[in-house]
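This report refers to the structure that appears directly beneath it.
The values are calculated or read from the model by the stated rules, or taken from the named source; none is laboratory data. Because the structure is a prediction, the values reported are computed rather than measured. Don't worry about glycine lacking a Cβ; one is built from the backbone with ideal geometry, like all the others, and counts go over all protein chains shown.
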Amino acid sequence: MRKAVLAFVFLVVGFNAWAGPAGLVSKPSHYSVPETMDRLVAVLQAKGMTVFGRIDHADAAKKAGLSMRSSQLVIFGNPKGGTPLMVAAPSAAIDLPFKALAWEDAEGKVWLSYNALTWLKERHGI
């Protein structure tokens with residue numbers, strides 16, 4: 001199931017990646033931040049993943065009297081897949097459920113970022 005989700009991410013945002021901080025994968029999106037997230041959420045749900053939450057950072061900043069570029073985080077997973085990982089490596093719970101972030105950079109380009117599965121495996125010895 002995780003492979004299907006990652007395959008979708010590649011299809012939605014393309015195959016070019018930006019090398020960011022260790023373990024972070026960032027891929028450009030051809031859509032706005034809200035549309036990128038809407039499309040991702042639709043596929044996650046179609047694949048049987050649970051969407052636990054969606055956070056609009058820019059909206060929260062606006063409510064606090066601040067401003068920032070568009071940025072939304074979706075928290076998702078599947079307890080059937082995540083629970084065995086947390087049983088095997090309890091520290092993995094800090095990174096589960098999975099998260100994906102759509103964000104706009106200073107040039108107005110939209111990116112979709114997520115933690116690389118290989119990095120998560122190495123980080124928690126899974």
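Here is a list: A42, A58. Which entry is out of contact with any strand residue (DSSP E or B) (no Cβ under 7 Å at 6 or more places or on another chain), modelled with pLDDT of 95 or more and not in a strand (DSSP E or B)?
Numbers: A58 fails: out of contact with any strand residue (DSSP E or B) (no Cβ under 7 Å at 6 or more places or on another chain).
None of the other options fit; the residue is A42.
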If you go through K63, K99, K27, K47, the only one that is in contact (Cβ under 8 Å) with a residue 60 or more places away in the chain and charged (D, E, K, R) is K27
Do we find a residue being modelled with pLDDT under 90, surrounded by 15 or more Cβ atoms within 10 Å (Cβ to Cβ) and under 15 Å from the mean Cα position of the chain (by Cα) anywhere in segment 98-109?
no
All-but-one check, H124 against (1) farther than 23 Å from S32 by Cα; (2) in contact with an Asp or Glu (Cβ under 7 Å, 6 or more places away or on another chain), failing number (2)
Within segment 112-126, the count of residues that are out of contact with any helix residue (DSSP H, G or I) (no Cβ under 8 Å at 6 or more places or on another chain) and in a strand (DSSP E or B) comes to 2
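So, in segment 61-87, of the ones that are among the hydrophobic types (A, V, I, L, M, F, W, C), within 17 Å of K99 (Cβ to Cβ) and at pLDDT 95 or above, which residue ends up surrounded by the most Cβ atoms within 10 Å (Cβ to Cβ)?
It comes out as V74.
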